[in-house]
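Laboratory data are not the source of any read-out in this text; all were calculated from the coordinates shown. Worth saying up front: this structure is predicted, and the values here are computed from it rather than measured. Positions of Cβ are generated from backbone atoms using ideal geometry, with glycine treated the same way; all protein chains shown enter the neighbour counts.
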Amino acid sequence: MPQPLPTFPIPSPTSSTPPTTNDLAERHAYLALALLEQLGPHRLAALLSHFGSAQAVLSASSSQLHRVAGIPSAVIASIRATDAAAVPAILDEAAQAGQSLLIPPSPDFPAALRSIPDPRCCSGHAVSCSFLEAPAVAIVGSRDHSRYGEEIARELAIVAARAGIAVVSGMARGLDAVAHQGALDVGGPTIGVLGCGVDVMYPRQNAELFRRMYLGGVLLSEHPPGGRPDSPGAFPRRNRLISGLAQVTVVVEAADGSGTMLTVNSALEQGREVLVVPGPVNSPTSRGTNRLVRDGATPLLEPKDLLRLFGATASAATPTSAAAHVVPPCTLSPTEARVFDALGPVGMHVDELALAIGLPVGELLATLLGLEIGGLAQSLPGAQYRRAARA
């Protein structure tokens, strides 16, 4: 089955170099602070610099915390109410959901997010961490869209994904879902940003997309496991993360007052490029995008406009199979990878397979079951297995 993102080491208070100590108490204290929504990395850095360790920050009195400039009383109250003893349960819950935590000062934190103001701790699940290193485009638009918007969003996602450009969107119904599905259908990289915990399936209508993203993409959120979509500021935070991950944001279709404009504003504040797809002048679902063009936004007139920004060309975009990135063997356990590699398009008897790879039949059957649940293997009559057609 897919493996979670690697556990990123927590940096020491005085250095950006990951620590070599196994001091779990300090690690848990750091994570407890990093997960405070009101704190943010810059205030956290100031506190660590002043007190010398995360444990010292949590042990400090209110009067001691007030001595650090720029820490509001409400944040101090949150720090005083924080208990690092709750962190192991949070980590266990994340691990059970196939997640890991990404910490901003870590060298493995996505470079694009490190460059935006106030980068925050994220939780995530990834089939391939290389997706977070790829050039990326955010494709966003309305939940209520036209057939025109759907066709454009899908075409842009396919063209970008085939060129190796990661497609970023918000996992919402509507054009977000269309963009993710377009990238997945051609085996391209795609990153879904959630306004809730990575383990919370929202909206329910996207259950199949959620499953496909879990098997073949990246899911990211600034919310801890279990975070609800109705929490204050959930979707502005999601939109900020969407635009932060991408070098370019493309607005496909948006009505007047659409929440998509929040993502546009975030992109502009972050210094990112924004392209807008013009729509029919009599279409209510394009009034917002047409106003952006009228006000000076750069129009996107054809997919090549997007590729040119990334220095890519349509001819260089090599199509890949729809399962090329679904769950590459590098994301499997060593045993799963051995079994996956041994499977072919033609059925193979369990006994023959066990002999070929040197596994006990019981262990092999358990591994095959996991691969079958993950959509990578297919059972056939007569105790035979083959690689699933999509894999």
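Structural remarks
- By DSSP, the beta bridges lying fully in the chain are antiparallel in about 40 percent of cases.
- Top of Arg291, Arg154, Arg308 by mean-square fluctuation, Gaussian network on the chain, Cα under 10 Å: Arg308
- Leading residue at positive end of dipole, the range 92-225 (Cβ point charges), from Gln181, Val198, Cys121: Gln181
- Rounded to the nearest 20, the Cβ-based charge dipole of the range 337-391 about its Cα centre (Lys and Arg +1, Asp and Glu -1) stands at 220 debye.
- Considering only the range 126-316, percent of DSSP beta bridges that pair antiparallel, nearest 5: 5
- Residue among Ser73, Ser146, Ser221 with the largest mean-square fluctuation in a Gaussian network model of the chain, springs linking Cα atoms under 10 Å: Ser73
- The chain: calculated mean residue ellipticity at 222 nm from DSSP helix runs of at least 4, using -39500 (n - 2.57): -11500 deg cm²/dmol
- Across the range 126-316, C-alpha contacts under 8 Å between residues 6 or more apart give a mean separation that, scaled by the residue count, equals a relative contact order of 22 percent.
- Debye, to nearest 20: dipole size of the chain, +1 on Lys, Arg Cβ, -1 on Asp, Glu Cβ: 700
- Net charge over other residues, Cβ less than 12 angstrom from the Cβ of Arg162 (K, R count +1; D, E count -1): -2
- Packing rank of 355-364, 206-215, where each peptide gets the mean count of other beta carbons within 10 Å, highest leading: 206-215, 355-364
- With contacts taken as Cα pairs under 8 Å and at least 6 residues apart, the chain reaches a relative contact order of 15 percent.
- Computed E for Ile373/Ala134 - FRET, C-beta separation, R0 25 angstrom, nearest 0.05: 0.35
- Summarising the overall dimensions of the chain from its C-alpha atoms, the Rg and Dmax are 22.9, 73 angstrom.
- Centroid-to-centroid, using Cα positions, the range 18-89 and the range 249-303 are 40 Å apart.
- As a proxy for reagent exposure, ranking Glu26, Glu133 by other Cβ atoms within 10 Å from fewest up yields Glu133, Glu26.
- The fewest-to-most ranking of Cys121, Cys196 by surrounding Cβ atoms within 10 Å reads Cys196, Cys121.
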